[in-house]
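Accompanying notes for the structure given below.
The values are calculated or read from the model by the stated rules, or taken from the named source; none is laboratory data. From a predicted model like this one, the values you see are computed outputs, not experimental measurements. In this analysis, Cβ positions are derived from the backbone assuming ideal geometry, glycine residues included, and neighbour counts consider all displayed protein chains.
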Amino acid sequence: MKITPVDLKKIDERSANIYEAAIVAAKRARQINDDNRLEYNTLVNQIVTTPEDEFEDKANPDLIRISVEFEKKHKAHQYAMDELLNGQIQYRYKDTE
């Protein structure tokens, strides 16, 4: 996986404060990660496993295929940062009243 640095000036253009933008992107990354985890668990639970000897560790090819597909996906923080830089994330402050 190659590493691409993010220009802080681009982040500063999208928000009033770079630190607030980092928090917003982190919260969005957690949401994306939760969605990915739910999707993964749903797919894994649909796989039918046959009851075998509990001491044998045989790899299920369907489970391996699903795991590899999820490993190849872009990471949640990459999606969140792209959304932030493209202006797709909207956030507001909580009312303190």
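Taking segment 2-32 as the range and being of a type in the set (A, V, I, L, M, F, W, C) and touching a residue at least 12 places away in the same chain (Cβ under 8 Å) as the test, the residues that pass are VAL6, ILE11, ALA21, VAL24, ALA25, ALA26, ALA29, ILE32. Once segment 42-77 is narrowed to residues that are of a type in the set (S, T, N, Q) and either part of a loop (DSSP other than H, G, I, E, B) or at pLDDT below 90 (or both), the residue that is surrounded by the fewest Cβ atoms within 10 Å (Cβ to Cβ) is THR50.
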